[in-house]
Amino acid sequence: MTAPSDMAGMPRPSFRAGSPEEVLAVVPDLLGFVPQSSIVVIGTEPSRGNVKVTLRYDLPAAGDPQAAADIARHALAVLAWQRLAAAVAVGYGPGALVTPVATAFRSLAEDSGMDPAEFWRVEDGRYWSCTCTKACCPAEGTPFDATAHLLQPGLASATEVLASRDAVAASIAPPAAAAAESMRQAIRQAEQLHLTRVLVTARDPRARAAARRALVSEALAAVTAMIAAYRDGGQYTASYQLAWPVVALKDPRVRDDAWARMDRRYTDAHLRMWTDVVRHALPGYVAAPASLLAFVAWQAGNGVLANVALDRALADDPDYTAADLLRTVIGAGAPPSMADSPVTPEDVAACYDLDHGAGSDLHGYGGS
């Protein structure tokens, strides 16, 4: 099995890439990191040459032709679904691993009518054409320096380019020991403050229902206030600020209400917010905010961050339905233009029947 593709589709500066060096210089900017041991496929509009989708796959293991064919087949299916008839591809790694993918890609592309303009292999500061058989292509490869072929001033700084995919994962890594202990104490205090009321009313059904309704209202208000704060340029940095929203998101209705508020006009603010929450969340509390981070990363066209966030969500809860659904949709090549919530907060409230006394799952930490 090959790893799910990392997809990127956010708007980029306009440029023309005419040479291999120019294309190779752009790839890290398209991905947001410098690729290693990867296959990168760039789908373009045939008429104007605009980049529409960028796919990244882990290199398959040696001697696994089926994995190589699977990568080629998946990439071509995504390109076909988005009606892109032109593409270039780059393999980063040794020829023994890249060449089988290049061969499968070219063969399947020809069968489907796709026009793969070129497939290059990059290793140790040199590139080779996997399609050219002319003597003009040296067997030892062509040396290149990507930084010397920037297409226009400011292109490299248009987005932050990290050193590797691992660096993207590190950007939302769990908190260090001291921060984790502070967050653990803050979560315990939040649970005691907000959840104890339900426990003390457990023997009285009416009181318990009223306490749960109040608890849901407080949880919704806490997460909504956090969203508003980040949209206004603010940030939650203290454990006590983040603890109650983290606990509140354990309830699916609170998570779904937050999901319905992910207006793409505020994507940058939402990315900052969910990154902060995921970085502070402790085991058992990660799946919901990590899934929300994956969703807004998809909105931003940052498929790498979306997949890294889903890795964290599913590591926290392998059966988390929201994360599974997102992985399926993003892995199938759905473009960022489809990343809009189909419901409003009012729809969520109606679905969960908040106004008619439905109980909260916060006490039981249920749902996915």
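Here are the numbers for this structure:
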read-out: Under-5 Å amide H pairs with L162, H placed in peptide plane, nonlocal only; value: F33, V34
read-out: Calculated FRET value between R206 and M338, using beta carbons and R₀ = 51 Å, to 0.05; value: 0.70
read-out: Peptide ranges 323-333, 52-62, 205-215 listed from the most packed, as the mean C-beta count within 10 angstrom indicates; value: 52-62, 323-333, 205-215
read-out: Linear extension gain, T99 paired with R265, 0.36 nm per residue minus alpha-carbon span; value: 55.6 nm
read-out: Most to least packed among 306-318, 230-242, 66-78 [average Cβ atoms within 10 Å]; value: 306-318, 66-78, 230-242
read-out: Which of M183, M262 has the fewest Cβ neighbours within 10 Å, and the rest in rising order; value: M262, M183
read-out: Within-11-Å neighbourhood charge of L97 [Cβ basis; K, R +1; D, E -1]; value: -2
read-out: Ranked E191, E45, E160, E140, criterion: other C-beta atoms within 10 Å, fewest first; value: E140, E160, E45, E191
read-out: For D29, D6, D353, order by how many other beta-carbon atoms lie within 10 Å, fewest first; value: D353, D29, D6
read-out: V329-A228 FRET efficiency (beta carbon distance; Förster radius 30 Å; 0.05 resolution); value: 0.60
read-out: Pairwise label distance in nanometres, A80 with D166, each label 7 Å out on the Cα-Cβ vector; value: 3.7
read-out: Other-chain or far-sequence residues with amide H under 5 Å of V53's (modelled H); value: G43
read-out: Protection proxy ranking of 88-99, 32-43, 338-349 - average other beta-carbon atoms within 10 Å, highest first; value: 32-43, 88-99, 338-349
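Every read-out reported here was derived from the displayed coordinates using simple, explicitly stated rules and does not represent laboratory data. Remember, it's a predicted structure, so these values are computed and weren't measured experimentally. No Cβ is skipped: glycine too gets one built from the backbone with ideal geometry, and neighbour counts run over all protein chains shown.
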